[in-house]
Amino acid sequence: MRAALGSVCAVAPLDASSTLPTQRSLIAGERVASTSGECFETVHPGNNSVICQVEQAGEAEVDAAVVSARAGFEEWSSMTAMDRSRILRRAVQIIRDRNDELAALDTLDAGRPIAETSSVDVPTGADVIEFYAGIAPSLHGETLDFPGGFARMRREPLGVCAGIGAWNYPIQIAMWKSGLALACGNAMIFKPAEVTPISALALADIYLEAGVPPGVFNVVQGDARVGRMLVAHPGIAKVSLTGEVTTGQAVMAGAAATLKKVTLELGGKSPIVVFDDADIESARNASLTNNFFSTGQVCSNGTRVFVQRGVYEAFLDGLAERVAGLRVGDPFDPETVIGPLVSREHHTKVMSYMELARASGARHIVGGDLPSDPSLTSGNYVTPAVFADCDDDMGFVTDEVFGPLMAVLPFDDETEVIARANATPYGLSGAVFSRDLARANRVANAIEAGSVWINDYGTLPESVPFGGYKHSGIGRENGYHSIEHYTQVKMIYTNLGGVDRYM
Ligand code: TXE
């Protein structure tokens, strides 16, 4: 029997005019009316029309979510790891079967082009759950033998974990956090960003349909107030946030009172370094994709493009025409490359940075305007922009714009560019383009970031860790290393003799 995906999806295929019934929190397998008496709305960024109302969770709902997650955890963690693995793999299959339905939900709620959500967001989320479902049965401890006994190191789940999502990749973030948490035997209470509250509910429906016990994956709806309740709750052992740096600082501070474990996936302002001997076409393609995919709303984007002076003009040559040719339009149109920004508020912020760039004295290469197409005026659209001859201290070069604004900066030598690339509080990602792999690896070693690519940008298989240095975060997601963030090791020593003396 199909899960109640229908309660989230309209019966007909979704489009820019779709609406949905009022959405709620999902606790212990049921949609739960809120006691807060508050509702908020979520809109389609392509026309700012209201999709639906959403009930804001109150303290009572958060407490109920923790109680049911605790009960769910007892059941889930008492299963064999192979049973958990089978259920998660069943969820993966359902996700893949409904790939396009799930993708359409985030296209509706986040405005991300359907070409992206259907080929990247949902598949990469499913891949991560599948990766961890594969690891689950092999999670184990170790033993050490001693003359009079032995020590057993037992790897245990944490219990009830909280996931707090950002709005740019709603369902992928929910899948990345929950796949890891559940595969390690934990329960998770997930709060989606209030800007994109819908698709996490569809994931919860699928987990239930696959056989995840009620309570093991709960969804609580609401804004920062609900996030703060989760961070403060004594019944939650760990919180994982994807969001801005300032939010990460607030979460870490709030978690201190209950000494929760914290993992933070925060913002970035990452460098792409292009040397004279680089394959310029590759460097240009990587720079375009990793500035304009998702309309630039990607934390790991390479938004500071450093190009060595000998190839600087060659790199810029033809860029204006290529960027101007990126199709801006309705995110439900499969041909659309540049969709709307997620909200009017974010659009205003990004446009302010475009104005700042224009006034900065940087060379305006292309874009940064409202589109001329009259059918797009009701949406949060901006044309992708490139500015060159930028100075490192210009505001749109130091700050995370989180929009389609590429800054190009000339440099002379390796030592200089490493210093400039690292002169930022962020440390999420970076890339080096050079045919000299010794130099490329030397520079990659020196870049202070959690993910660095050589002659590439953004390849991120489910089996490699992702996360930031410095203000870009704490901990990792994906890959084997991240198991450490959702399990804990207990040492149990067995004495094979007696305690035959004292003092
Ligand atoms: O973040 P916000 P947004 C970053 C990206 C950008 C930001 C955009 O770089 O900076 O996310 O997403 C909740 N206590 N990444 O605007 O505002 C809030 O309700 C507890 C990095 O959503 O920080 C929302 O659910 N919770 C990432 C969530 O935090 C609080 C990839 C994030 O909100 C809270 C994608 C509080 N005090 C985006 N305040 C990566 N590195 O992988 C807010 N929230």
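Coordinate-derived values only; no laboratory data. Note that the structure is predicted; figures quoted are calculated from it, not measured. Heads up, the Cβs are rebuilt from the backbone with ideal geometry, glycines too, and the neighbour counts pull from every protein chain shown.
For the pairs K238/K490; K191/K261; K238/K349; K261/K349, note any where the Cα-Cα span goes beyond 28 Å.
K238/K349; K261/K349
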Exercise. How would you rank Y207, Y480, going from fewest to most other Cβ atoms within 10 Å of each one's own Cβ?
Worked result: Y480, Y207
Exercise. How high is the FRET efficiency from L370 to T22, r the C-beta distance, R0 25 Å, rounded to 0.05?
Worked result: 0.15
For this session: Please find the FRET efficiency linking E41 to A151, where r is the Cβ-Cβ separation and R0 is fixed at 56 Å, and quote it to the nearest 0.05.
Result: 0.50
Problem set entry | Length gained when the stretch N495-D276 is fully extended (0.36 nm per residue, less Cα-Cα span) | 72.3 nm
For this session: Rank these for me by crowding, I87, I27, going from fewest to most other beta carbons within 10 Å.
Result: I87, I27
Problem set entry | Footprinting exposure proxy for Y312, Y381 (fewest neighbouring C-beta atoms within 10 Å first) | Y312, Y381
Seminar exercise, completed: Over the Cα atoms of the range 335-422 the radius of gyration and the largest Cα-Cα distance (Dmax), both in Å, equal 14.6, 49
Seminar exercise, completed: 1/(1 + (r/R0)^6) with r = Cβ-Cβ of T289 and H481, R0 = 25 Å, i.e. FRET efficiency to nearest 0.05, evaluates to 0.45
Exercise. For the range 49-153, what value does the Rg/Rh ratio take when both radii are computed over Cα atoms and Rh is the Kirkwood radius, given to two decimals?
Worked result: 1.16
Seminar exercise, completed: Bridge orientation stat for the chain from DSSP, antiparallel percent rounded to 5, came to 45
For this session: Please provide three numbers in whole Å: the alpha-carbon extents of the range 318-359 along the principal axes, with the largest listed first.
Result: 32, 30, 7
For this session: Using a 10 Å cut-off on Cβ atoms, rank the peptides 440-452, 172-184, 467-479 from the highest mean neighbour count down.
Result: 172-184, 467-479, 440-452
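On full extension of the chain, what length is gained from M82 through I454, given 0.36 nm per residue of separation minus the C-alpha to C-alpha distance?
Result: 130.2 nm gained on full extension.
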For this session: Show that you can apply the helix-only estimate: for the chain, add -39,500 (n - 2.57) for every DSSP H stretch of four or more residues, divide by all residues, and state [θ] at 222 nm to the nearest 500.
Result: -10500 deg cm²/dmol
Exercise. What nm value, rounded to one decimal, do you get for the distance between A33 and T398 when each label is placed 7 Å out toward the C-beta?
Worked result: 5.2
Seminar exercise, completed: Long-range alpha-carbon pairs in the range 209-327, meaning those over 24 Å apart, account in percent for 51
Seminar exercise, completed: proj_area_mean for the chain (convex hull on C-alpha atoms), units nm², value 26.8
Exercise. If you take the Cα atoms of the range 124-187, find Rg, then find the Kirkwood Rh from the mean of 1/r over all pairs, what is Rg/Rh?
Worked result: 1.18
Problem set entry | For the range 106-161, the Rg and Dmax computed from alpha carbons only, in angstrom | 20.5, 64
Problem set entry | Inter-label distance, nm, simple model (7 Å from Cα along the C-beta direction), A224/S119 | 3.7
Exercise. Which of the peptides 259-268, 109-118, 410-419 is most tightly packed, and how do the rest follow, judged by the mean count of other Cβ atoms within 10 Å per residue?
Worked result: 109-118, 259-268, 410-419
Exercise. Compactness ratio of the range 86-238: Cα Rg over 2.2 N^0.38 Å, N = residue count?
Worked result: 1.16
